[in-house]
Amino acid sequence: MTKKLKDFMHHTGLLIVGSALCATAVQGILVPHGFLGRGLTGAALLVHYCYPILPVGALYLLLNIPVFCLGWRFVGLRFVLYSLWGMVIYSTLLSVLAFRIEIGDPMLSAVIAGALSGTGIAVILRSYGSTGGAEILCVILNKLFSVTLGTGSLAMNAVVLVVAALLFPLENVFYTLVYVAVSAQATDRIFHGFANRQAAIIISDRWREIARELTTTHRLGITRINGSGGYHGADKTILYSVLNRKNVPSLKRAVLDQDPSAFIALMTAEDVTGVEVGNQPQW
């Protein structure tokens, strides 16, 4: 099997799994409870209710045309082609997964739908594409302005919900707001947390031995930074490394074995660009 075919199957699998989760949220929970749609689906519904000239599907397609053009301009042709493929997969699964998840409490329904949808979007956006709509705009905002995918989604959906509040019962709008907020949080936590990167700062007088141990034995990349103490003003060499969270315990042991009084600070590194430890998407 060629590498291109493997890549296609891998990314198609991500699109299928993510789309299945999103379609389950829509067909199993949102539609039965009468909640509103998110992203361009919600925008198409608003236009349809105000000007019922075209069906929602046709409006959604028309709204996607300029969005796909922007995706081609700012992201790339491969992303647009995979997103078209993702739209086909998502539309098919919306038709196939026509079942209802019996949850009586509307608040719990909104939370579960948001968790399913947010997880699905995070999985989809780990592929080469998306399923179109607002996801493309979120990717563009992420690439141009480093806006997290969840934050971008929340901002765009907030605009749709403000307009929807004028046309729909407020109760449904508020439940939809809960769904959108949970979905945005789930997307951010899962998408940016897939790689579980940590940034480590190490300060020790035995920095040479520590750096040698980490680079030779544990195969970790280390950067040396020249610094000085804020109180005494003594020169210090700071070691900086970005690593997978699973390697944190071994890093601590290696450092403390060399210097039990070493200073170690760990920070979350959600968005990392790099060949070895980067968790950037492949758009």
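Laboratory data are not the source of any read-out in this text; all were calculated from the coordinates shown. As the structure is a prediction and not an experimental result, all values here were calculated from the model. Quick reminder, even Gly has a Cβ in these numbers, built from the backbone with ideal geometry, and neighbours come from all protein chains shown.
For the range 38-53, residues that are without any contact (Cβ under 8 Å) to a residue 40 or more places away in the chain and outside any helix (DSSP H, G or I) total 3.
The residue of the range 100-128 that is nearest to residue 139 (Cα to Cα), among those that are touching a residue at least 24 places away in the same chain (Cβ under 8 Å) and among the charged types (D, E, K, R), is 126. For the range 202-212, a residue qualifies if it is in contact with a helix residue (DSSP H, G or I) (Cβ under 6 Å, 6 or more places away or on another chain) and either over 14 Å from residue 264 (Cα atoms) or in a helix (DSSP H, G or I) (or both), and the qualifying residues are 209, 210. Screening the range 101-137 for residues that are within 19 Å of residue 178 (Cα to Cα) and in contact with a Gly (Cβ under 6 Å, 6 or more places away or on another chain) and picking the one that is surrounded by the most Cβ atoms within 10 Å (Cβ to Cβ) gives 120. All told, residue 180 meets the bar of being surrounded by 14 or more Cβ atoms within 10 Å (Cβ to Cβ), under 18 Å from the mean Cα position of the chain (by Cα) and either of a type in the set (Val, Ile, Thr) or under 30 Å from residue 105 (Cα atoms) (or both).
Select from the range 110-129 the residues that are of a type in the set (Gly, Ala, Ser) and in contact with a Leu (Cβ under 8 Å, 6 or more places away or on another chain) and list them in ascending order.
113, 117, 120, 122, 127, 129
Scanning the range 225-273 for residues that are assigned to a helix (DSSP H, G or I) and in contact with a helix residue (DSSP H, G or I) (Cβ under 7 Å, 6 or more places away or on another chain) returns 251, 254, 255, 258. If we keep just the residues of the range 213-224 that are touching a helix residue (DSSP H, G or I) at 6+ places or on another chain (Cβ under 9 Å) and over 25 Å from residue 270 (Cβ atoms), which is surrounded by the fewest Cβ atoms within 10 Å (Cβ to Cβ)? Across the range 213-224, the extreme among qualifying residues is 217.
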